[in-house]
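Colleague: I'd like to ask you about the structure that follows.
Rule-based calculations on the coordinates, nothing more; no lab input. Since we're looking at a predicted model, the values are computed, not measured. When we count neighbours, we look across all protein chains shown, and the Cβ atoms used for this are built from the backbone with ideal geometry, even at glycine.
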Amino acid sequence: MIEHLFFKRRNIKKLYTRSKKIRRYNTSFFKNHHHSYEDSYNYPPLLLDVMNKFSKKNFGIDLKNTYLVGVQHFLPSTVHLFDRLIDLGFSPDNMLFTDKPYSRVDNSFYAIKDLGVQVYSSKEELLVGEYNNSSTDKIHKMWEKCAQDIKNKKIKKIIILDEGGRCIEQIPNRFLNEYQIIGIEQTRGGLYSQELTYRPFPIIEVASSAVKKYYESPIIADSVVRVVIENILKKLKDNGEGLQYGIVGNGSLGLALARHFSSKRKIFGYDRNNTNYPEDLRGKLVPLSSAEGVIRNSDCIFFCTGQDSTKGINLFSLIKDKIFISCSSEDKEFRTLLEEISRQSSRIKLNRPLEDLTFFTDSKDKIMLASGGFPINFDRTEKSDPPEILLTRGLLMGSIIQAIYTESDTDFSHSNHNGLMLDPHIQQYVLERSAHYFPEAFNRKTSGKYKDIKWIKDNSGGDCPDLSRENYSSLNFRID
C-alpha cells in the first residue's frame, strides 16, 4: 500500500478551518461569509457572484432532499467549491465524493473532510496498467456506500458531479427509476464513454462548453509547461534545447501547447479527427498523417487526445530515447502501452504517485513516461491548482445550479444523445467575472467573444436547455 498518500492527520497543518457555529444553509449568508482558507489563497468571490446571479433564495429548503455524489480532484479550489455548495444549501451529510490519488493535495483531502463532506477513500495501489480497474472498483464501492446512506433519507434527486465518466457509468440501475438523476461531466475523455450516451437522464456537458474549451486550456497549458520545465527539461544537460517536440491531439489544450513550443522551432502534430490547424501555426507546425509518425519523428511528445493513443502501435520497435507526456485525465493516453509493460514486467508497482516510469525498447533505447503516464500538470502540490482555475470551478458551480433547476424527465426522443449544453448565459457570466478578477489571464482583447451569446451557443456541445420551463421563470435571463 502507498502509505504516504495518507499522512497522519495530526501532522497536517490545518490551513482550512471552519466553525460549525457559523454554518448556515441559506443564501442570505453569502455576502458576509469568509473563511481562513479562502483568505490564505486569496480567492476572489467569483463563485459567490455566480450563486447570487443564478440561484434562488429558497435553495436551502429545495436541497434538503437532494444528494450530490461524484469524483473530483481534491485541490484547494475544490475545497472552495464544496464550501460554497454548502452555503448554497447542500447539507454536507448529503455530499459524497471520492478523489483521484494521482492529483490529491493532502491538505485539501483533509479540509474537505473538515467541511463534513463524506469522503470515500481507499489506500489503493497504483499498479502499472491497472488504474482503470482499480478506479472502477473504488467508484462501484462508493455507490454501495451511497445506497446505504440514502436508504433512510428522504432523497428525491441525485446530482452526479463527475470527472472522467466512471461515476455516471457505475450508477446502480435501480436508482434510475427511484430518483430524479442529473449528471454533470467535466472532461472530454468522460464524454467519449458509450455508457453515458445510453443513460436515461440528462447529462450537462461542462466538458464541451465553449468557455471551458477555449479559455481553460491555456491555463492548463501554462501549468503543463511549468511542470515540464521544472521536472523534466531542467534535468537534461542542455535544458532540452535540442529536443524535437511533437503533439498528438489538436484540441484546445494541444493547440495551446503547440503555440508555446513552436515559438522556438517547428514541431510535428497529428489529430485523428481534425487535420486543420489555425492560421497562426502555419509554418510553425508540420502536420503528419499519423500519431506513430509524430512519435517516431519527435523526442518529446505531448499526448492530448483524451483517449488511448498507443493502441495499435508497436512502441517497443522505436529507436532513440523519447519522453512521453500525458496531458489527459488518468493514464488513458497510454493504457495499451502500460498494460503491455505490466505483462512484460510482472506487475511493476509505482513506489510513489507520479513517479517517472522508464522502459526499454527492443533496441535498448529508453522511453520515459513522465509521471508514470498520468497527467503531468498534477504534481500533488498546490502549484498544480493555479488561481485562474477558478474559471472551471465557476462553470461547475453554474452547472450544479442548472442541474437543480433541470428536470430528469427531459425528453431526448428527438435527439441522438442525452447531453445538455451548459447554459450559455452561465458560461458568459463566469467568463466575464473571470476576466474581471484575472485580467492578465483572460485578456479582454482575446476574450471579446464572451459578450456574444450566439458564439458561445454555437461552439458548445449538447442540446441547448429549455429555459421556458417553470423552474426557470424566476431567473432574469433567457436564451436568445
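Colleague: Can you give the local net charge around Phe316? Use residues other than it whose beta-carbon is closer than 15 angstrom to its beta-carbon, Lys and Arg +1, Asp and Glu -1.
Modeller: Working: positive: Arg296, Lys311, Lys320, Lys322, Arg343, Lys364, Lys366; negative: Glu292, Asp321, Glu339, Glu340, Asp362, Asp365.
In short, +1.
Colleague: Based only on other Cβ atoms within 10 Å, what is the fewest-to-most ordering of Cys464, Cys300, Cys327? Please list the in-between numbers first.
Modeller: Working: Cys464 13, Cys300 22, Cys327 27.
Ascending number of Cβ neighbours within 10 Å: Cys464, Cys300, Cys327.
Colleague: Could you give the length gained by full extension between Glu241 and Asp280, i.e. 0.36 nm per residue of separation minus their alpha carbon distance, to one decimal place? Intermediate results must be reported in sequence, preceding the final value.
Modeller: Numbers: separation 39, 0.36 × 39 = 14.04 nm, distance 2.27 nm.
Additional length available on full extension: 11.8 nm.
Colleague: Spin-label point model (7 Å from Cα, Cβ direction): what's the Glu407 to Ile313 distance in nm?
Modeller: Here the answer is 4.8 nm between the modelled labels.
Colleague: So how compact is the range 122-253: Cα radius of gyration and Dmax in angstrom?
Modeller: Values for the range 122-253 (Cα only, Rg and Dmax): 19.5, 63 Å.
Colleague: Would you order Lys212, Lys141 from fewest to most other beta-carbon atoms within 10 Å of each residue's own beta-carbon?
Modeller: Numbers: Lys212 25, Lys141 14.
With the sparsest Cβ surroundings first, the list reads Lys141, Lys212.
Colleague: Okay, next question. Counting other Cβ atoms within 10 Å, which trypsin sites (Lys or Arg not before Pro) in the range 236-343 have at most 14 and lie in a DSSP loop? Walk me through the intermediate numbers first.
Modeller: Working: sites: Lys237, Arg259, Lys264, Arg265, Lys266, Arg272, Arg282, Lys284, Arg296, Lys311, Lys320, Lys322, Lys332, Arg335, Arg343; in loops: Lys237, Lys264, Arg265, Lys266, Arg272, Arg282, Lys284, Lys311, Lys320.
Hits after loop and neighbour filter: Lys237, Lys264, Arg265, Lys266, Arg272, Arg282, Lys311, Lys320.
Colleague: List Asp299, Asp222, Asp99 from most exposed to least, where exposure is judged by having the fewest other Cβ atoms within 10 Å. Don't skip to the end; give the middle numbers.
Modeller: Numbers: Asp299 14, Asp222 17, Asp99 22.
Exposure proxy ranking, most exposed first: Asp299, Asp222, Asp99.
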